[in-house]
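Enquirer: Structure provided below as structure tokens; questions to follow.
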Amino acid sequence: MEKREFEILKTLSYAGSMDVLFTVTKGKTKFTDIMFETKLNPGILNRLLKALIASEVLEKDVDGYHLTKKGALIVSYTLDILALNGEKEGHRDLKEILSTKIEQKARA
């Protein structure tokens with residue numbers, strides 16, 4: 001495994017990282033929105049967001065935080081895995097949002 005792949009897996013293993021990605025997928029992209037949705041301490045959330053950006057899973061612009069194509073694929077695969085375990089509630093809507101984001105990133 002390459003160092004870059006290891007860093008992505010390490011970042012995703014942090015407590016709260018998938019909560020942040022799911023929150024951003026739902027369209028809540030501002031720091032405070034993510035903080036209240038995930039109930040993460042601001043300092044921890046700040047470090048986590050920086051790690052997700054460094055791993056190229058999230059990007060930040062004037063509108064807030066957004067999934068990169070890599071980030072959208074990670075969330076999509078995670079939803080597929082959760083569906084295998086019978087956890088399907090709300091996943092269909094997120095999968096539709098992700099499909100649109102992945103297509104938009106592919107065109108960019």
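Enquirer: I want to check the label-to-label distance for K26 and R47. Put each point 7 Å from Cα in the C-beta direction and report it in nm to one decimal.
Expert: 2.5 nm
Enquirer: Once fully extended, how much extra length lies between A15 and E59, figured as 0.36 nm per residue of separation less the alpha-carbon to alpha-carbon distance? Numbers along the way, then the final one.
Expert: On the way: separation 44, 0.36 × 44 = 15.84 nm, distance 1.95 nm.
Gain on stretching A15 to E59: 13.9 nm.
Enquirer: Same structure again: Grab the alpha carbons of segment 2-67, take their convex hull, and tell me the volume per residue in Å³. Intermediate values should be presented prior to the final figure.
Expert: Details: hull volume 4.7 nm³, N = 66.
Dividing the Cα hull volume of segment 2-67 by its residue count gives 71 Å³.
Every number here is computed from the coordinates shown, using simple stated rules; none is lab data. Just so we're clear, the structure is a prediction, and the values are computed from it rather than from any experiment. Neighbour counts run over all protein chains shown; Cβ positions are idealised from the backbone, glycine included.
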